[in-house]
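Worksheet for the structure shown next.
The values are calculated or read from the model by the stated rules, or taken from the named source; none is laboratory data. No experiment lies behind these values; they were computed from the predicted model shown. Glycine also receives a Cβ, built like all others from the backbone with ideal geometry; neighbour counts cover every protein chain displayed.
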Amino acid sequence: MRSKIVAGNWKMNKDLAASKILANELVEGLKERSVENTRVIVSPTFVNLASVNELVSASVVEVAAQNMHQAKSGAYTGEISAEMLRSIGLNSVILGHSERREYFGETDALLAEKVNTALEHGLEVIFCFGEVLEDRKSGNHFDVVASQISNALFTLDASAWKHIVLAYEPVWAIGTGETATAAQAQEMHAYIRGLITDKYGVSIAQELSILYGGSCKPGNAKEIFSKEDVDGGLIGGASLQASDFIAIVDAIQ
Ligand code: PGA
């Protein structure tokens, strides 16, 4: 059975003290809950990864990085390698977030390199993709998503897919307060699972967790998560408040 996942992307928010407070609140808040077959992941900014990871180590909460560099090591001032993430005990990294694509020029080809490097170093990849508003309006959204996935991931061996989580995040819904409807999310997730089925077969596609992201909140999470092909969420804004994030974890039970 594929895992359900609720992942919080803290983006460039929360200094060290605030990150520790939020992490502690999550650990405490989730202690009493039985989170069966559900993974809870948080993704603080690089400088707070090690502290937060230590703090949550005895809890259900896992920690993922928001990005990493494609090279193994070398003269890349200001960058962070997969090995460095592993060395502080991390097992997962988010790659391909639309903000990385838009503001930092990350292309499908670059992301293919990053994915390979992450997997080579034993990191699970939470791979993000999604169409912009013009693509949705022109009915191009399925093609855009298909090319983002195939360009970055379709050279992978079948065995690599155990370490991949997909996150469909329509760009028009990220941080805008506008959410895809549950029906729109399900339609796209079913399409994505179909793409993976065609390329890698039904068992890999059925085991793959596909998350929805984009203005997911306590008020709409339950409906979105109720859809057959939606296996959880990648949460931005609503992951910054423990009570909201825990309510979203509750919504998936
Ligand atoms: P949002 O962000 O929940 O604030 O829309 C989602 C994301 O960027 O992953």
(message) Of the conditions (1) surrounded by 17 or more Cβ atoms within 10 Å (Cβ to Cβ); (2) within 12 Å of the ligand (Cβ to nearest atom); (3) free of Cβ contacts under 8 Å to residues at least 40 places away in the same chain, ALA205 satisfies every one except a single condition; which number is it?
(response) (2)
(request) For ALA205, work out the one condition from (1) within 16 Å of the chain's Cα centre (by Cα); (2) assigned to a helix (DSSP H, G or I) it doesn't fulfil. (result) (1)
(message) Checking LEU119 against (1) touching a residue at least 12 places away in the same chain (Cβ under 8 Å); (2) over 16 Å from the mean Cα position of the chain (by Cα), only one condition comes out false. Which one?
(response) (2)
(message) Suppose we keep only residues that are more than 16 Å from the ligand (Cβ to nearest atom) and basic (Lys, Arg) within region 69-101. Which one would you say is nearest to PHE46 (Cα to Cα)?
(response) ARG86
(request) Could you check how many residues of region 226-245 are outside any loop (DSSP other than H, G, I, E, B) and buried (at least 20 other Cβ atoms within 10 Å of the Cβ)? (result) 7
(message) Looking at region 119-147 only, could you name the residues that are in contact with an Asp or Glu (Cβ under 9 Å, 6 or more places away or on another chain) and in a helix (DSSP H, G or I)?
(response) ASP135, HIS141, PHE142, ASP143, VAL144, VAL145, SER147
(request) Please work out which residue is nearest to ALA118 (Cα to Cα), limiting yourself to region 54-68 and to residues that are within 16 Å of the ligand (Cβ to nearest atom) and assigned to a loop (DSSP other than H, G, I, E, B). (result) ASN67
(request) Name every residue in region 219-251 that is in contact with a Lys or Arg (Cβ under 9 Å, 6 or more places away or on another chain), away from the ligand (no atom under 15 Å from the Cβ) and of a type in the set (A, V, I, L, M, F, W, C), in order of residue number. (result) ILE246
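To keep it simple, each residue is scored yes or no on (1) under 26 Å from ALA251 (Cβ atoms); (2) within 17 Å of the chain's Cα centre (by Cα); (3) of a type in the set (S, T, N, Q); (4) at pLDDT below 95.
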{"site": "ALA7", "(1), (2), (3), (4)": "yes, yes, no, no"}
{"site": "GLU28", "(1), (2), (3), (4)": "yes, no, no, no"}
{"site": "VAL47", "(1), (2), (3), (4)": "no, no, no, no"}
{"site": "ALA65", "(1), (2), (3), (4)": "yes, yes, no, no"}
{"site": "LYS72", "(1), (2), (3), (4)": "no, no, no, no"}
{"site": "THR77", "(1), (2), (3), (4)": "no, no, yes, no"}
{"site": "GLU83", "(1), (2), (3), (4)": "no, no, no, no"}
(request) Tell me which residues, restricted to region 156-195, are in contact with a Phe, Trp or Tyr (Cβ under 7 Å, 6 or more places away or on another chain), more than 10 Å from VAL230 (Cα to Cα) and away from the ligand (no atom under 15 Å from the Cβ). (result) ALA158, TRP161, ILE164, TYR191, ILE192
(message) If I ask for residues that are surrounded by fewer than 18 Cβ atoms within 10 Å (Cβ to Cβ) and within 16 Å of the ligand (Cβ to nearest atom), which ones from region 118-134 would you list?
(response) VAL132, LEU133
(message) Here's a check for you: in region 102-117, which residue that is of a type in the set (D, E, K, R) and within 16 Å of the ligand (Cβ to nearest atom) is surrounded by the most Cβ atoms within 10 Å (Cβ to Cβ)?
(response) GLU106
(request) Exactly one condition in (1) farther than 28 Å from ILE210 by Cβ; (2) small (Gly, Ala, Ser); (3) surrounded by 17 or more Cβ atoms within 10 Å (Cβ to Cβ) is not met by SER87; state its number. (result) (3)
